[in-house]
Amino acid sequence: MQKLLNSLFLTVLIVVFSTFSASAQFEEPEIERIDPDQKTWFMNKFEDVKWTGQGFYGRTELDERQTNEIRARLQEVFGDPTKTIEDLITQPDFRPAQAIQFEYWFVVDDSIPMMLLDIDGPFGRGLVYAGASKYIDLMPEVKRTLSQELMAIKRDSLPDYEDYYYAPERRKWFEVSLQEGQYRTKEISSPIN
């Protein structure tokens, strides 16, 4: 009888521990944006990171959205981007063909670096994701969590924003914005400095 009670107790402990471990393993990740004034800190802290897009391949609802809408959703949840093309055009080695419209840099759970960037401006869908290669197994959950958080915002509450974008294949500059609920992509001669 004692062996049966010990065995039952051990089984209960294993089930409880397994349940606790499983729930801890799948906790919702905490995603914090890096402010523009924290870029140097971020680059120094994660200078040895091997960046990869692996782990972000699973499709989410966010991947089907126009980039201009995603930009507005990011603005609502996280505020201004960490980096925009305006940060790049003042650099002496700036080349428009390498430009992005915006980048958001994040730290997930206080230790995992992640970047989201737009490379097709308002003419594309989805984003490019990059994370530390050693955390590939966590990236699907991070992407799902981010998508759910951004897609929970009602369309009519998206905030205004304004960016610039250079389309290398068109060799043209554009002003990209959301103003009073209307997305606009206006060709311009160059960004206003």
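The values are calculated or read from the model by the stated rules, or taken from the named source; none is laboratory data. The shown structure was predicted, so the numbers you read here are calculated from the model rather than taken from an experiment. Because the Cβ atoms are built from the backbone with ideal geometry, glycine has one as well, and the counts that use them run over all protein chains shown. Only protein heavy atoms, including side chains, enter the accessible area calculation; ligands, DNA and RNA are left aside. Shrake-Rupley method; radii C 1.70, N 1.55, O 1.52, S 1.80 Å.
Couple of notes before you dig in:
- The residues in the stretch 76-89 that are buried (at least 18 other Cβ atoms within 10 Å of the Cβ) and either at pLDDT 95 or above or basic (K, R) (or both) can be counted, and the count is 4.
- Yes/no for I100 being under 24 Å from R171 (Cβ atoms), assigned to a loop (DSSP other than H, G, I, E, B), open to solvent by 50 Å² or more (accessible area, probe 1.4 Å) and of a type outside the set (D, E, K, R): no
- Here R73, R59 are screened, and the one residue that is crowded, with 18+ Cβ neighbours inside 10 Å and either at pLDDT 85 or above or in a helix (DSSP H, G or I) (or both) is R73.
- Look at the stretch 179-190: where a residue is free of Cβ contacts under 8 Å to residues at least 40 places away in the same chain and at positive phi and a partner is open to solvent by 100 Å² or more (accessible area, probe 1.4 Å) and not in a loop (DSSP other than H, G, I, E, B), sitting 6+ places away or on another chain with Cβ atoms under 9 Å, you get G181/R155; G181/D156.
- Qualifying residue in the stretch 124-132 (condition: farther than 26 Å from W41 by Cα, open to solvent by 20 Å² or more (accessible area, probe 1.4 Å) and either out of contact with any His (no Cβ under 8 Å at 6 or more places or on another chain) or in contact (Cβ under 8 Å) with a residue 40 or more places away in the chain (or both)): yes
- Residue in the stretch 144-152 that is at positive phi and not hydroxyl-bearing (S, T, Y) present: no
- The sole residue among E162, E149, E169 that is among the charged types (D, E, K, R) and over 19 Å from the mean Cα position of the chain (by Cα) is E169.
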